[in-house]
Amino acid sequence: VQLQASGGGLVQAGASLRLSCAASGRTFTKYGMGWFRQAPGKEREFVAVVMKTGGRTYYHDSVKGRFTISRDNAWNTVHLQMNDLTFEDTAVYYCVADLYVVEYDSTNEYDYWGQGTQVTVSS
């Protein structure tokens with residue numbers, strides 16, 4: 001599967017952004033879909049995931065209550081709605097996918113990665 005992320009940009013603290021990730025192929029529903037991010041000088045970290053079965057979602061503690069991940073199976077797309085953004089959310093955001101997601105917060109879990117989209121939040 002190929003992943004194409006979009007929706008990043010430069011916003012002020014407190015603003016909102018919605019990232020989207022379009023997946024190629026006709027087996028979208030078989031993949032767990034998620035987002036990771038990497039800030040300058042930091043390791044890549046888990047942000048959120050939506051499972052293929054039941055649509056269960058998981059979030060990093062730092063984004064709970066502010067970010068919402070959702071999937072649109074009709075359009076092979078996963079979204080990340082980000083509200084109340086802070087400077088600490090500044091990073092390149094990567095869309096990820098895998099057929100079998102267990103350790104959802106591990107970078108090693110995902111075989112497929114998008115190209116990344118930059119989110120910059122000015123304080």
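With the requirement that a residue be of a type in the set (D, E, K, R) and open to solvent by less than 80 Å² (accessible area, probe 1.4 Å), what does segment 56-74 give you?
First, the residues of segment 56-74 that are of a type in the set (D, E, K, R): 56, 61, 64, 66, 71-72.
Arg66, Arg71, Asp72 - these are the residues of segment 56-74 that are of a type in the set (D, E, K, R) and open to solvent by less than 80 Å² (accessible area, probe 1.4 Å).
Give the residues of segment 75-90 that are in contact with a helix residue (DSSP H, G or I) (Cβ under 8 Å, 6 or more places away or on another chain), within 12 Å of Val119 (Cα to Cα) and open to solvent by 30 Å² or more (accessible area, probe 1.4 Å), sorted by residue number.
Glu88
Across segment 18-55, which residue is farthest from Thr86 (Cα to Cα) among those that are surrounded by fewer than 21 Cβ atoms within 10 Å (Cβ to Cβ) and β-branched (Val, Ile, Thr)?
Thr27
Test Val96 against the stated conditions and say whether it is outside any loop (DSSP other than H, G, I, E, B), in contact with a Cys (Cβ under 6 Å, 6 or more places away or on another chain), within 24 Å of Leu10 (Cα to Cα) and of a type in the set (Val, Ile, Thr).
no
Residues Ser106, Ser122: which one is surrounded by fewer than 16 Cβ atoms within 10 Å (Cβ to Cβ) and more than 15 Å from the chain's Cα centre (by Cα)? Don't jump to the end; show me each part of the working.
Working: Ser106 fails: more than 15 Å from the chain's Cα centre (by Cα).
One residue alone meets the criteria, Ser122.
The values are calculated or read from the model by the stated rules, or taken from the named source; none is laboratory data. Quick caveat, the model's predicted, so the values are computed rather than measured. Glycine gets a Cβ as well: all are built from the backbone with ideal geometry, and neighbour counts include every protein chain shown. Surface areas here come from the heavy atoms of the whole protein model, side chains and all, with no ligands, DNA or RNA. Shrake-Rupley method; radii C 1.70, N 1.55, O 1.52, S 1.80 Å.
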